[in-house]
1. Using only Cα atoms, what Kirkwood radius does the chain have, in angstroms?
2. Which value in Å does the Kirkwood hydrodynamic radius of the stretch 131-284 take, with 1/r averaged over all unlike C-alpha pairs and then inverted?
3. Might you report the magnitude of the Cβ-based charge dipole of the stretch 37-272 about its Cα centre, with Lys and Arg at +1 and Asp and Glu at -1, to the nearest 20 debye?
4. How much length would be gained if the chain were fully extended between Arg305 and Arg205, taking 0.36 nm per residue of separation minus their Cα-Cα distance, in nm to one decimal?
5. Once fully extended, how much extra length lies between Asp268 and Ala528, figured as 0.36 nm per residue of separation less the alpha-carbon to alpha-carbon distance?
6. Lys/Arg Cβ at +1, Asp/Glu Cβ at -1, dipole of the chain taken about the Cα centre: which of Ser22, Gly320, Ala400 is farthest positive-ward?
7. The stretch 478-493 to the stretch 48-115: how many Å between their Cα centroids?
8. Kindly point out which whole DSSP H helices in the chain project their C-alpha atoms 27 angstrom or further along the helix axis while averaging a Kyte-Doolittle hydropathy of 0.0 or above.
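No lab work stands behind these numbers, since they all come straight from the coordinates. Keep in mind that what you see is a predicted model, and the values were worked out from it rather than measured. We place every Cβ from the backbone using ideal geometry, glycine too, and count neighbours over all the protein chains shown.
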Amino acid sequence: MTQRAIPHLASALETAVAHLLSRREPEGFWRGRLSASALATATAVSALLLGGEAADRPLIRAGIAWLRAAQRADGGWGDTPESPSNLPTTLLVLAAFRLAGEPDSAADRRYAVARAGRTPAEWRAAILRSYGADRTFAVPILMHGALAGLTPWAGIPDLPFELAAVPRAWYPALRLRVVSYALPALIAVGLLLDDRRPPRHPLLRAARRLAAPRVLDTLARIQPEHGGFLEAAPLTAFVAMALIGRFGAAHPVARRCLAFLRDGVRADGSWPIDTDLSVWVTTNALTALGAAGALEAIDVPAMRRWVAARQYTAEHPYTGAAPGGWGWTHRPGGVPDADDTAGAMLALARLGETAPLAAGARWLRGLQNRDGGWPTFCRGWGRLPFDTSAPDVTAHAVRALRAAGVGDAARRRGMAYLEAAQGADGAWTPLWFGNQATADGTNRTYGTARVLRAYAVLAPDALAAHRGVAWLVGAQREDGGWGGGVEAPSTIEETALALSALADWPQAPGVAEALTRGTAYLLRRIEAGSWTISAPIGLYFARLWYDEALYPVVWTVEALGRMRHIFGEAVDR
């Protein structure tokens, strides 16, 4: 189908491609840049404070100064400088101030008092309510507060660290109230809580005494060589704080954690939530350049080798994951996950590299849950979000299996899961990306756009697909863009994702007009020079907001590349 040409589309695409290419590292890949994080900065500063090294004092002073400057008008702190205040991050910052000997002013406590009450016990209860059954973040936050004297030790839920000593195959049956990737926090924080509040039952005390050396060996074994667990400053800082609180700053795992934190500080005194998303943004960039017909601008053989070399070829020491997957970063703290594995497979298929796809497909098939969907990290620990199926992850996985030309049965089960996961209004809610402007923090534009890409290549005539298209068309804003939902302001990220998804249905009702208006929105933003401003998005746990500088760039290149085909030639799938 040929649409009426859009003026300046070709030049805008050329501008976007040139900007994306300019963001490469000297080695040819993309590293991206994650936003500064008050949550990460508060935890890193606190860990360094507890470490007690005189050489860390300049880093601590700079971190405290950055946190002071990042305080919101309501007295609280958000995860990013562009995020609204939230209680968990605010309490983490207040704990850092307390450890640093900063004045504990009523202005600093104003947000926490308004949201949770005046007493430390009320703050503790509010944090537990925020996270429900998932103790992954709630318990470390409360431990941090207790170390600072901000919240009481009493009432912090227990973490059964001794269960980390049992065989890994038993983990699904244990149904731990932490997600699988948080094993370091389970061990370190659990050990500290056991020390501060020993269990009353003598058999449990004895079992924990016996288990402690073994789980500490496990913690040391799974720690990356540079010290950072999952490349994440908060998780690494929580582990350091707990070990220092229990064993002192000389503990070797704690020392390596502190070294990682020192290495990760930025010039302005802040820390990002994670070191980088290099594999994720690189594979997205390569897919986008393919959609834009611009792969000739890069060294394709070199990028094939770079992406292929990021595939794990042995069992992962941290998660026990089988060989064949990819993680989000090329650094040693990453672990394989379904979303990044699917992204790498699709990028390699686009580059014409098929050799690694078979192992990747085996890895994905081994991760599929019984309900037909895909979780993020590992199959079925329990009922917590990172280990249960998610529509966005599942849609990515079935597309990757199709690109590999295998897994027909797995793909059918995945598509059945997606049909069952569709909302009554036709939208899908993703796990990995939220939107802080929606009432519930979800991002159904992202979820629906991702799922529609799978339907486009596997079941384009399905009723679920056309219901999803109708929802996405209906969610377009008056300015032609899309936000995270019908009530959220337009962003470059959501607009580009929606356009790329709707490109597969140019003849569906309302789509032609939506594509024209959405493309015009992107072109206006490019002309105004505001198209590279990234918007915060959120991980699942309510919501740990961050933004990545390359997201608007990468997804705009892909969207405009697909629009070039819509408004000129055949649809590019």
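1. On the way: mean 1/r = 0.0410 Å⁻¹.
Answer for the chain: a Kirkwood hydrodynamic radius of 24.4 Å.
2. For the stretch 131-284, the Kirkwood estimate is 16.3 Å.
3. Dipole size: approximately 680 debye.
4. 30.8 nm
5. 90.8 nm
6. It is Gly320.
7. With the stretch 478-493 and the stretch 48-115 each reduced to a Cα centre, they are spaced 32 Å.
8. Working: long enough: 202-222 (30 Å, 0.32).
Span-like helices here: 202-222.
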